[in-house]
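What follows is a set of notes on a single structure, which appears directly below.
The values are calculated or read from the model by the stated rules, or taken from the named source; none is laboratory data. Not measured: the values here are computed from a predicted model. Quick reminder, even Gly has a Cβ in these numbers, built from the backbone with ideal geometry, and neighbours come from all protein chains shown. SASA here: full protein model, heavy atoms, side chains in, ligands and nucleic acids out. Shrake-Rupley method; radii C 1.70, N 1.55, O 1.52, S 1.80 Å.
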Amino acid sequence: MSTDLRGEVRLALETPAWTWRFYLRHFLVVAGLSLVGSVQRIVVVNWGEHLPAALSVASEVLVMAARVLLLVIVWRLAMRAVSWRWDNLSAFAREHWPSLVIQGVLLSVAFLVFDVVAENVVAGLLPEDARSAYLGVLLFMKNPTVIALTFVWWVGLARQVLRDRDTATVPAT
């Protein structure tokens, strides 16, 4: 593997490594806000047909609000000690496009495993009467893990591409 490609792989792996550290450091706030979606999903999957339509819609709005709040909090925590500019995005994309492709592949693999395989393939292998419970538990678990980690990863990617390379940055806590 060429030195340039090795450097791009290393650069691409910085974001998921940062994501994991950030997630663990801020686990209570990330998982806490994600549990709003977890509880809503398990209720809707298992008892949705018994809920009034207005309550189902209101619960979806609540989940969306919790996710937007999560995104805002993660952004503020991640970017608070980082010097960044929107102009850095195009320079990073031009200079480090292989890193961005690698991260896209990694996110795609995660999507395939945790969404397509876990939700569709595994659920399809289960007896009909077990699918609802399986999907309820799966969606309950995905909110504070897979979905939350994806949000943090996207913010970490934005942090990576937007930050000033010429100035020293303090790692986000």
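How much length would be gained if the chain were fully extended between A58 and A158, taking 0.36 nm per residue of separation minus their Cα-Cα distance, in nm to one decimal? Spell out each step's value before the answer.
Values: separation 100, 0.36 × 100 = 36.00 nm, distance 3.07 nm.
Fully extending the segment from A58 to A158 adds 32.9 nm.
What is the percent carbon and sulfur in the accessible area of the chain, measuring with a 1.4 Å probe over the protein chains and ignoring ligands? Let's see the in-between values first.
On the way: 7300 of 10170 Å².
Using a 1.4 Å probe with all protein chains present, the chain comes out at 72 percent carbon and sulfur.
What ratio of Cα Rg to 2.2 N^0.38 Å holds for region 1-94? All intermediate terms of the calculation are to be shown ahead of the outcome.
Working: Rg = 19.1 Å, N = 94, 2.2 N^0.38 = 12.4 Å.
So the Cα radius of gyration is 1.55 times the expected 2.2 N^0.38 Å.
Could you tell me how far the Cα centroid of region 78-96 sits from the Cα centroid of region 115-134, in Å?
About 41 Å separates the Cα centre of region 115-134 from the one of region 78-96.
Accessible area per residue for region 1-138 in Å², computed with a 1.4 Å probe and the full protein assembly in place, what is it? Show your work: numbers first, answer last.
Values: 8590 Å² over 138 residues.
Per-residue value: 62 Å².
Give me a comma-separated list of calculated 3J(HN,Hα) values for region 60-77, in order, Karplus coefficients 6.51, -1.76, 1.60 applied at θ = phi - 60°, integers in Hz, x for any Gly or Pro.
Couplings: 5, 5, 4, 4, 4, 5, 5, 5, 5, 4, 4, 4, 5, 5, 4, 4, 5, 5 Hz.
What number, in nm² with one decimal, is the all-direction average of the projected area of the convex hull of the alpha-carbon atoms of the chain? It would help to have the intermediate numbers written out before the result.
Values: hull surface 48.1 nm².
Average projection, Cα convex hull of the chain: 12.0 nm².
I need two numbers for region 61-151: Rg to one decimal and Dmax as a whole number, Cα atoms only, in Å.
17.7, 53
Can you list the HN-Hα couplings for region 123-129, worked out from phi with the Karplus curve (6.51, -1.76, 1.60; θ = phi - 60°), rounded to whole Hz and with x for Gly and Pro?
Once θ is set to phi - 60°, the couplings for region 123-129 become 4, x, 7, 7, x, 3, 6 Hz.
If you filter region 43-91 for trypsin sites (Lys or Arg not before Pro), then keep DSSP loop positions with at most 14 other Cβ within 10 Å, what is left? Display every interim value, and only then the final one.
Details: sites: R67, R76, R80, R85; in loops: R80, R85.
Answer in residue order: R80, R85.
Which of I147, S132, L71 sits closest to the plus end of the dipole of the chain, meaning its Cα is farthest towards the positive end, when Lys and Arg get +1 and Asp and Glu get -1 on the C-beta?
L71
Please list 3J(HN,Hα) in residue order for region 144-158, calculated via the Karplus relation 6.51 cos²θ - 1.76 cosθ + 1.60 where θ = phi - 60°; whole Hz, with x for glycine and proline.
So the Karplus estimates, Gly and Pro as x, are x, 10, 4, 5, 5, 4, 5, 4, 5, 4, 4, 5, x, 5, 4 Hz.
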